[in-house]
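These notes concern the structure reproduced below.
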Amino acid sequence: MSRKDRELFIQIYHSMYDSKEWRFLKWYSKLAYLRIKRKYNPNKGEQVSVSYREMKDEMSQATFGKEIRELLKIGFIEVVQKGGLYRKKNFYILSYRWKSLGLSPLTMVDIH
């Protein structure tokens with residue numbers, strides 16, 4: 001089987017899937033995370049860019065922005081390049097900060 005013909009997949013570790021942080025996320029946040037994770041290619045570097053335009057078939061621009069903020073606050077992703085000005089893209093990396101941050105009842109109120 002050639003490299004091109006192989007089936008690709010998105011892997012989520014059981015520890016992440018079973019965590020209270022993952023269970024706390026809204027469905028759209030999980031969907032945005034999966035899109036970022038899908039684009040991640042360790043052979044091309046860790047940085048991933050996902051635009052609003054790429055997500056328009058799954059959620060609105062406002063929803064996408066809100067869900068990205070949630071993923072950032074809980075610690076599933078981090079911004080390595082902030083976009084917006086001069087037509088730059090946002091670049092994200094996958095993060096495991098969620099393990100050390102932990103969710104407190106106060107954090108949960110702030111996010112939702």
Exercise for review: Say whether the condition of being closer than 22 Å to TYR17 by Cα, small (Gly, Ala, Ser) and modelled with pLDDT under 85 is met by at least one residue in the stretch 56-76.
Suggested key: no
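One line per residue, one yes/no per condition, for (1) loosely packed, with under 13 Cβ neighbours inside 10 Å; (2) under 20 Å from ILE74 (Cβ atoms); (3) at pLDDT below 90:
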residue: ASP5; (1), (2), (3): yes, no, yes
residue: LEU8; (1), (2), (3): yes, no, yes
residue: SER15; (1), (2), (3): yes, yes, no
residue: TRP22; (1), (2), (3): no, yes, no
residue: TRP27; (1), (2), (3): yes, yes, no
residue: ILE36; (1), (2), (3): no, yes, no
residue: ASN41; (1), (2), (3): yes, no, yes
residue: VAL50; (1), (2), (3): no, yes, yes
residue: ARG53; (1), (2), (3): yes, no, yes
Review point. Considering only residues of the stretch 62-106 that are of a type in the set (D, E, K, R) and farther than 12 Å from TYR33 by Cα, which is surrounded by the fewest Cβ atoms within 10 Å (Cβ to Cβ)?
Key: ARG87
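For every residue, the table says whether it meets (1) acidic (Asp, Glu); (2) touching a strand residue (DSSP E or B) at 6+ places or on another chain (Cβ under 8 Å); (3) under 19 Å from SER100 (Cβ atoms).
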| site | (1), (2), (3) |
| --- | --- |
| ASP5 | yes, no, no |
| TYR13 | no, no, yes |
| LYS20 | no, no, yes |
| TRP27 | no, no, no |
| TYR33 | no, yes, yes |
| PRO42 | no, no, no |
| GLY45 | no, no, no |
| VAL50 | no, yes, no |
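The values are calculated or read from the model by the stated rules, or taken from the named source; none is laboratory data. Note that the structure is a prediction, hence the values are computed from the model and not measured. Here Cβ is always computed from backbone atoms with ideal geometry, including for glycine, and neighbour counts include all displayed protein chains.
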